[in-house]
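Participant: Attaching a single structure in structure tokens format; questions to follow.
What follows draws every value from the coordinates through simple rules; no lab data is involved. Everything quoted here is computed from the prediction, not taken from an experiment. As a convention, Cβ positions derive from the backbone with ideal geometry for all residues, glycine included, and neighbour counts pool all protein chains shown.
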Amino acid sequence: MIEMTEQQMQAFETLDVTPPRIVNPRTKEAFVMLRVDEYERLKEDEYDDSPWTSEERHALAWEAGKHAGWEEMDEYDDLPEKP
């Protein structure tokens, strides 16, 4: 574990950005600093990154069509689904 310096603690206490961001000066990579309880809470939430099912893809396409104004295209509802 790396302990923060006094200067770092003061900087984090006065930041308006939440969560605070830190940068590795050598690589320019940015990191987000979270309290342990926030990190644990984020890890607990279920995140399903499995491939979408046919039903999920169909539902997404249906929603996208509704937003595009395709409500009147009912003739395409009865087409067989491709595997």
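Participant: Under a plain spin-label model, where a point goes 7 Å from the Cα along Cα-to-Cβ, how far apart in nm are E38 and A64?
Facilitator: 3.4 nm
Participant: Subtract the Cα-Cα distance of A11 and R57 from 0.36 nm times their separation in residues, and report this length gain in nm to one decimal.
Facilitator: 12.0 nm
Participant: Here's something else I'd like to know. Just grab the label-to-label distance for M4 and T27, each label 7 Å out from Cα along the Cβ direction, in nm (one decimal).
Facilitator: 2.2 nm
Participant: Magnitude of the Cβ-charge dipole of the range 1-62, K/R +1 and D/E -1, about the Cα centre, nearest 20 debye?
Facilitator: Using only the charged Cβ atoms, the result is roughly 420 debye.
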